[in-house]
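First up is the structure itself, then whatever we jot down about it.
The values are calculated or read from the model by the stated rules, or taken from the named source; none is laboratory data. Being a predicted model, the structure only gives us computed values, none of them experimental. Note that we place each Cβ from the backbone using ideal geometry, even for glycine, and neighbour counts take in every protein chain shown.
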């Protein structure tokens, strides 16, 4: 696992909970010498045990905005509201989405995975290529409680 400690939301040496499996899956989707995979290669059905804790985020460039494309059932239950299809900046700041917009921005700008942790959860966001740019993020949560 590569990491750049100068980046905000840098990946740690070791990812907690189920996040290493998600990271390995994402790495396994890379084609040839590409640094990141294409979004249309992702099949959440390949990760049935993680699916309730996964999400897909649409990333738009100009203006920079992010939309919840698909949100796992456990994320919905913990946030207490239906957010699928909504833009992130239209959603009140809910748990487990502290510092979510900045983390999305770093993931897109760095074209690299990013990580955020609180005492209650850890969150991993991974960029995916499509339409000539990073157009989607694959995200996952690991809960500590």
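The table that follows gives values for the structure above.
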{"quantity": "Total residues in region 22-54, condition loosely packed, with under 12 Cβ neighbours inside 10 Å and part of a loop (DSSP other than H, G, I, E, B)", "calculated": "8"}
{"quantity": "Any hit, region 10-20, residues being at pLDDT 95 or above and either farther than 14 Å from residue 140 by Cα or not in a loop (DSSP other than H, G, I, E, B) (or both)", "calculated": "yes"}
{"quantity": "Pairs, first closer than 18 Å to residue 114 by Cβ in region 22-43, second in a helix (DSSP H, G or I), C-beta under 7 Å, six or more apart", "calculated": "25/46; 29/41; 37/26"}
{"quantity": "Checklist (1) in contact (Cβ under 8 Å) with a residue 60 or more places away in the chain; (2) loosely packed, with under 14 Cβ neighbours inside 10 Å applied to residue 137, failing item", "calculated": "(2)"}
{"quantity": "Unique residue being free of Cβ contacts under 8 Å to residues at least 24 places away in the same chain and under 15 Å from the mean Cα position of the chain (by Cα) when the list is 52, 48", "calculated": "52"}
{"quantity": "Matching residues in region 60-86 - criterion: being assigned to a helix (DSSP H, G or I), free of Cβ contacts under 8 Å to residues at least 60 places away in the same chain and either within 14 Å of the chain's Cα centre (by Cα) or surrounded by 15 or more Cβ atoms within 10 Å (Cβ to Cβ) (or both)", "calculated": "76, 79"}
{"quantity": "Contacts under 7 angstrom Cβ, first residue in region 99-110 being farther than 18 Å from residue 130 by Cβ, partner surrounded by 22 or more Cβ atoms within 10 Å (Cβ to Cβ), 6 or more apart", "calculated": "101/66; 103/114; 103/125; 106/114"}
{"quantity": "Residue that is modelled with the lowest pLDDT [pool: residues in region 93-117 that are more than 18 Å from residue 20 (Cα to Cα) and part of a loop (DSSP other than H, G, I, E, B)]", "calculated": "93"}
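Yes/no per residue for (1) touching a helix residue (DSSP H, G or I) at 6+ places or on another chain (Cβ under 6 Å); (2) more than 24 Å from residue 20 (Cα to Cα):
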{"position": "60", "(1), (2)": "no, yes"}
{"position": "69", "(1), (2)": "no, no"}
{"position": "91", "(1), (2)": "no, yes"}
{"position": "119", "(1), (2)": "no, no"}
{"position": "134", "(1), (2)": "yes, no"}
{"position": "139", "(1), (2)": "no, no"}
